[in-house]
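A short write-up of the structure that comes next.
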Amino acid sequence: MRALRFSGHGIENLCGVLMQRCRWSQKFVPRGYYNQVVEIMRTHGCWQVDGGKGSDEKWRSPINGRTTTVPSCKSRHTANAVLKQLGIDVKI
């Protein structure tokens, strides 16, 4: 990882450099498939149950009666795996 370099002294300059890095990195971060996965799960009758660690959520499917953990789904493959675990035959 490269070290941050900024000219001058003071927290304002450091914050400016950090904000530039954040704006630059947001262009390359995938938005994710979470909203699409939740919409598909709701249309197939799935509901959210209590539990889950951190930002993960637990959902239950009426199709096969299984409960699975749904992460933030930044990958299409992860999103499809979650749907498959719940017995939903839809591909993103």
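The values are calculated or read from the model by the stated rules, or taken from the named source; none is laboratory data. Just so you know, these numbers come straight off a predicted model, no measurement behind them. Ideal geometry is used to build each Cβ from the backbone, glycine not excepted, and the neighbour counts take in all protein chains shown.
Within region 79-92, residues that are within 12 Å of Y33 (Cβ to Cβ) reach partners that are among the basic types (K, R) and at pLDDT below 95 with beta carbons closer than 7 Å, at six or more positions or on different chains, in the pairs N80/K91; I92/R76.
Taken together, K91, K27, K84 contain a single residue that is modelled with pLDDT of 95 or more and loosely packed, with under 14 Cβ neighbours inside 10 Å, which is K84. Which of the residues spanning region 41-62 are loosely packed, with under 13 Cβ neighbours inside 10 Å and of a type in the set (A, V, I, L, M)? Within region 41-62, V49 is the sole residue that qualifies.
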